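The values are calculated or read from the model by the stated rules, or taken from the named source; none is laboratory data. Quantities reported herein were computed from a predicted structural model and do not represent experimental measurements. Counting neighbours? That spans all protein chains shown, and the Cβs are built from the backbone with ideal geometry, glycine included. All accessible areas refer to the heavy atoms of the entire protein, side chains included, with ligands and DNA or RNA removed. Shrake-Rupley method; radii C 1.70, N 1.55, O 1.52, S 1.80 Å.
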Amino acid sequence: MNLGKAVKVCRTSQNLNQTILAERAGISISYLSLLERGKRDPNTSTIEALSMALGIPVIILFFLAAEKKDLIGIEPELIEKLSYTTLKLIEAKE
């Protein structure tokens, strides 16, 4: 699971820079940068703060953070549909 990658995908799809997201989430820019590069693992309160700052449910972050091994047993067609719907939800936040 790569939550930093998911945060970055959501942030960039909403055309937010790290400064704005960090301010909204109440975290430092350097911490956000480390998180997005996979150098830090966020705690629960940070995940919730980032989710609120991005305006998306925490479960969406977890879904986007999932790696192939995390999705074993789910039909590829369903994963594709969920991915498409998720990205449309994120883009709608613009």
Practice task
Go through the stretch 83-94 residue by residue and tally those that are open to solvent by 90 Å² or more (accessible area, probe 1.4 Å) and in a helix (DSSP H, G or I).
Solution key: 3
Fill in the blank from the handout: Val9: passes all of (1) free of Cβ contacts under 8 Å to residues at least 60 places away in the same chain; (2) surrounded by 14 or more Cβ atoms within 10 Å (Cβ to Cβ) but (1)
Handout entry: Residues satisfying the stated conditions in the stretch 13-49, i.e. closer than 14 Å to Leu61 by Cβ and either touching a Pro at 6+ places or on another chain (Cβ under 7 Å) or open to solvent by 50 Å² or more (accessible area, probe 1.4 Å) (or both)
Key = Leu35, Asp41, Asn43, Thr44, Ser45, Glu48
Practice task
Within the stretch 50-62, track down each residue that is assigned to a helix (DSSP H, G or I) and either within 17 Å of Leu32 (Cα to Cα) or open to solvent by 50 Å² or more (accessible area, probe 1.4 Å) (or both).
Solution key: Leu50, Ser51, Met52, Ala53, Leu54, Val58, Ile59, Leu61, Phe62
Practice task
Evaluate the following for Ser30: is it in a helix (DSSP H, G or I), more than 21 Å from Glu91 (Cα to Cα) and not aliphatic (A, V, I, L, M)?
Solution key: yes
Exercise for the section: Quick one: Glu80 ticks every box in (1) exposed (fewer than 12 other Cβ atoms within 10 Å of the Cβ); (2) of a type in the set (Asp, Glu); (3) in contact with a Gly (Cβ under 8 Å, 6 or more places away or on another chain) except a single one, so which number is it? Expected result: (3)
Completion exercise
All conditions in (1) over 23 Å from Glu91 (Cβ atoms); (2) assigned to a loop (DSSP other than H, G, I, E, B); (3) modelled with pLDDT of 90 or more are true of Gly73 except (3)
